[in-house]
Amino acid sequence: MIIYLVIFLAVLVLWVISVYNFFVSSRTRIKASIQEIGNQLKRQADLIPNLEESVKGYLGHEKGIFEELTNARKAISQASKSGDVGKMADAGKMLSEVLPKIQVVVESNPELKGA
């Protein structure tokens, strides 16, 4: 009877250890994923100035788009620094709302050339 109890306790301890290790590794992967999202948003924000410079001369009348781009860049920068997933999602949404507007302007101005 005592042998069964010892075996049961040993199996229980091994199970608890494996569950604990699973949760620790999951938490580490989640943190790494959040950091990767922040890195991707920052990379996108770093590419926006190049885009702005390429089309600035052609879009003098489109000041609203530049203001939205600037606000999106600020939001991405703040979100990646804070590490808040909600802020990162909002910043990504802001950027995804602005980029189609730029695409429409570029498509309506085929004379735009890459810088």
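All of the numbers you see were taken from the coordinates with simple rules; none came from a lab. Predicted model only: the values in this text are computed from it and were never measured. Every residue, glycine among them, receives a Cβ derived from its backbone with ideal geometry; neighbour counts consider all protein chains shown.
Near Asn71, once Lys and Arg are set to +1 and Asp and Glu to -1 for all other residues with Cβ below 14 Å from its Cβ, the sum equals +1.
Sorting the segments 78-85, 6-13 by their mean number of nearby beta carbons within 10 angstrom, highest to lowest, gives 78-85, 6-13. Lysine pair count for the chain with Cα-Cα distance under 19 Å and sequence separation of 8 or more or different chains is 18.
Provide the FRET efficiency to the nearest 0.05 for the Lys74-Glu97 pair, computing r from the beta carbons and using R0 = 22 Å.
0.90
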